[in-house]
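In what follows, a structure is listed as structure tokens, so that the remarks can point back to it.
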2 protein chains.
Amino acid sequence: MESYDENIYLPSVSVDAVIFSFQNGELKVLLREYRGGLKRYGLPGGFVGMREDIDAAAYRVVHEAVGVKGVPLFQFHTFGSMQRYHRETMAAFLYANNIPYTNEHWILKRFISVGYYALADFSKVTITPGHESESCDWYDVSQLPEMLWDHTDIVIKAIEALREDIDSKLLSVNLLPEYFTMGELQLLYESIMGKTYIRSGFQRKMLSLGILERVEKKSTGQAYRSPYLYRFMPKA
Amino acid sequence: MESYDENIYLPSVSVDAVIFSFQNGELKVLLREYRGGLKRYGLPGGFVGMREDIDAAAYRVVHEAVGVKGVPLFQFHTFGSMQRYHRETMAAFLYANNIPYTNEHWILKRFISVGYYALADFSKVTITPGHESESCDWYDVSQLPEMLWDHTDIVIKAIEALREDIDSKLLSVNLLPEYFTMGELQLLYESIMGKTYIRSGFQRKMLSLGILERVEKKSTGQAYRSPYLYRFMPKA
């Protein structure tokens, strides 16, 4: 069994991760259902080791909570309002994980949480619920279940951060096949930005970013009617 | 005397602020010299009250450390590597502030720090060193003195964040007089971005942002040779 003894983890600090993926034209986020008495949803998250960098803690926690490895995490915001503090929920967490309750348990105190987001390639990532989780799965960002603490706010803020960074992040974390059409790229943008684009304007904007390279069409019988294929330019 | 008793502040968490201003064509940052045995420079920063939002803590700490009030702070990054932890420096901090030393003092433990930045109007802001500070003053970002902990890294990361946000942040926090020339705006951009722009290209880029409004020239004898004046458009 996992140990939650005092002096293993840094007091007051947690990390939470918002892992996005793109599937069937929808932006998804990876949530877990907490175990036992909690029976509610939340982000993969956890505590920071006493001598562990917070970035390293985020990678470890994502692996432990939902089995995800090797997906780059980007820190985007730290959540530290008093409103996010619910001692009762943390007491339920202790109970659900068979951690002996004491009035002064460090887990019952106030935490601020450092938020990270990630873009995962749905076809390559495997998810496995960790010891604190009943299950984990992908959920449409437009239909999130009720979540514990301020985790809904954390997802909303992560979407804002992703929207601001989209041009650079899509280049570094490709969610599309190596070769894709402008229409496929537009669908991805639309699912992340939560709005539709006019085709001609979208194409012009994308080409002006200087991150796309048009490649030869494959020679098929129907080549004359098939759309152009693109790929992201290799980094300089 | 300020109290540093346990249970007043949240363990493990601090806030630090990088306050920029623009003066004589140079980007400046507000630093303080620590008191007593430390005799070194650092950012205005401090601890988070046990029941205080981290944003509120940042505003309070900036006021206490350097006397600055009413300047909007933007959270940009949280610093949490193990390398920033120097118990010896914190011991010197205790000594410099006449705080009784104990081996287990909470201040001697590891902290992560939530970083905020601000853009202050040099002509409107008054600075006053707080009780932990020997002095405080504006320093050229290109000539920073040696700083404690990872504060040089925090300034560098804040400049990166400011550069990414510059178009929107200059609109919300005006560092120029109400009416300004394109040349004055270019100088401000150049000092923040750390590079020079070609005049015609800069003007075209600025006008394309849709945030500037050209105003009537003042009627002076030399109006025919004076440059156009602009102002930031009022928010919609």
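The values are calculated or read from the model by the stated rules, or taken from the named source; none is laboratory data. These numbers come from a predicted model, not from an experiment. Here the Cβ is made from the backbone with ideal geometry for all residues, glycine too, and neighbour counts use every protein chain on show.
In the condition set (1) closer than 18 Å to A:Gly25 by Cα; (2) touching a strand residue (DSSP E or B) at 6+ places or on another chain (Cβ under 8 Å); (3) among the hydrophobic types (A, V, I, L, M, F, W, C); (4) touching a residue at least 60 places away in the same chain (Cβ under 8 Å), A:Met182 is compliant with all but (4).
Counting residues in the stretch A:117-139 that are over 18 Å from A:Val29 (Cα atoms) and surrounded by fewer than 15 Cβ atoms within 10 Å (Cβ to Cβ) gives one or more.
Residue count for the stretch A:189-202 satisfying the condition of being surrounded by 18 or more Cβ atoms within 10 Å (Cβ to Cβ) and of a type outside the set (S, T, N, Q): 2. Given the structure, is B:Asp16 modelled with pLDDT of 95 or more, under 12 Å from the mean Cα position of the chain (by Cα), in the same structural domain as B:Val141 (by TED's automatic domain parsing) and of a type in the set (D, E, K, R)? Judged against the criteria, B:Asp16 is a match.
Scanning the stretch A:15-38 for residues that are closer than 15 Å to A:Pro129 by Cα and touching a strand residue (DSSP E or B) at 6+ places or on another chain (Cβ under 7 Å) turns up A:Ala17, A:Ile19, A:Val29, A:Leu30, A:Leu31, A:Arg32, A:Glu33, A:Tyr34, A:Arg35. Taking the conditions exactly as written (of a type outside the set (D, E, K, R) and closer than 30 Å to B:Val15 by Cβ), does A:Gly70 satisfy them or not? For A:Gly70, the condition - of a type outside the set (D, E, K, R) and closer than 30 Å to B:Val15 by Cβ - is not met. Determine whether the stretch B:69-82 contains at least one residue that is under 30 Å from B:Lys195 (Cα atoms), within 14 Å of chain A (Cβ to nearest Cβ) and among the β-branched types (Val, Ile, Thr). Yes, because at least one residue in the stretch B:69-82 is under 30 Å from B:Lys195 (Cα atoms), within 14 Å of chain A (Cβ to nearest Cβ) and among the β-branched types (Val, Ile, Thr). None of B:Ile154, B:Ile127 is within 18 Å of B:Leu73 (Cβ to Cβ) and at pLDDT 95 or above except B:Ile154. Of all positions in the stretch A:30-48, none carries a residue that is in contact with a Lys or Arg (Cβ under 8 Å, 6 or more places away or on another chain) and within 13 Å of chain B (Cβ to nearest Cβ). Can you name every residue in the stretch A:85-123 that is within 25 Å of A:Ser3 (Cβ to Cβ) and of a type in the set (D, E, K, R)? Hits for the stretch A:85-123 are A:Arg87, A:Glu88, A:Glu104, A:Lys109, A:Arg110. Each residue in the stretch A:157-180 was checked for being of a type in the set (Val, Ile, Thr) and modelled with pLDDT of 90 or more, and 1 of them qualify.
Results for (1) farther than 26 Å from B:Gly46 by Cα; (2) within 17 Å of the chain's Cα centre (by Cα); (3) not charged (D, E, K, R), shown as yes or no for each residue.
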residue: B:Trp138; (1), (2), (3): no, yes, yes
residue: B:Pro145; (1), (2), (3): no, yes, yes
residue: B:Asp150; (1), (2), (3): no, yes, no
residue: B:Ile156; (1), (2), (3): no, yes, yes
residue: B:Glu160; (1), (2), (3): no, yes, no
residue: B:Gln186; (1), (2), (3): yes, no, yes
residue: B:Tyr189; (1), (2), (3): yes, yes, yes
residue: B:Gly194; (1), (2), (3): yes, yes, yes
residue: B:Arg204; (1), (2), (3): yes, no, no
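As an exercise: evaluate A:Met90 against (1) away from chain B (no Cβ under 14 Å); (2) in a loop (DSSP other than H, G, I, E, B); (3) surrounded by 18 or more Cβ atoms within 10 Å (Cβ to Cβ) and give the number of the one condition it does not meet. Among (1) away from chain B (no Cβ under 14 Å); (2) in a loop (DSSP other than H, G, I, E, B); (3) surrounded by 18 or more Cβ atoms within 10 Å (Cβ to Cβ), the lone unmet condition for A:Met90 is (2). Within the set A:Ser123, A:Ser135, A:Ser168, the sole residue that is of a type in the set (S, T, N, Q) and under 27 Å from A:His86 (Cα atoms) turns out to be A:Ser135.
Scan (1) at pLDDT 90 or above; (2) of a type outside the set (D, E, K, R); (3) at positive phi for the single condition B:Asn98 breaks and write down its number. Just one mismatch for B:Asn98, condition (1). Is there a residue being in contact (Cβ under 8 Å) with a residue 24 or more places away in the chain, part of a strand (DSSP E or B) and in contact with a strand residue (DSSP E or B) (Cβ under 8 Å, 6 or more places away or on another chain) anywhere in the stretch B:161-174? Looking for residues that are in contact (Cβ under 8 Å) with a residue 24 or more places away in the chain, part of a strand (DSSP E or B) and in contact with a strand residue (DSSP E or B) (Cβ under 8 Å, 6 or more places away or on another chain), one finds none in the stretch B:161-174, hence no.
Consider the stretch B:190-227 and keep the residues that are modelled with pLDDT of 90 or more and among the aromatic types (Phe, Trp, Tyr). The one that is nearest to B:Ser142 (Cα to Cα) is B:Tyr197.
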